[in-house]
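In what follows, a structure is listed as structure tokens, so that the remarks can point back to it.
Just so it is clear, none of the values below were taken in a lab; they were calculated from the coordinates. These numbers come from a predicted model, not from an experiment. Glycine gets a Cβ as well: all are built from the backbone with ideal geometry, and neighbour counts include every protein chain shown.
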Amino acid sequence: MSNGPHIAYQVDMEIGKGSRIEGVADVDLPREKLGRVGPEALKSEELLAILLRTGYEGSNVLTVARKVIAQYPCDRLVPMTRV
């Protein structure tokens, strides 16, 4: 018997397969972490990295996500959705 609803998160692990983020263990890559622990456990930068899917030469996707959030903080974006 469980203590609440169990939600399974299915993640397409094939997207970006072969791509590695230097210094990040495979189990801690955003997409793999999402599948393992669910969206509530991820940081904003990890969720954004999943949406971005890839970085660019010289900047991995987590670095790009951090730069976007630094320039456009989440607390400034939320009021924009209440138009």
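Directionally averaged projected area (region 26-81, Cα convex hull): 4.3 nm².
When only Cα pairs below 8 angstrom with a gap of at least 6 residues are kept, region 26-81 shows a relative contact order of 23 percent.
Give a quick list of GluC sites (Glu not before Pro) in region 25-66 that DSSP marks as loop, anything other than H, G, I, E or B, with at most 10 other Cβ atoms within 10 Å.
Values: sites: Glu32, Glu40, Glu45, Glu46, Glu57; in loops: Glu57.
Loop-located and lightly packed - Glu57.
Given a Förster distance of 22 angstrom, what is the FRET efficiency for Val68 paired with Val24, based on the Cβ-Cβ distance and rounded to 0.05?
For Val68 and Val24, the calculated efficiency is 0.80.
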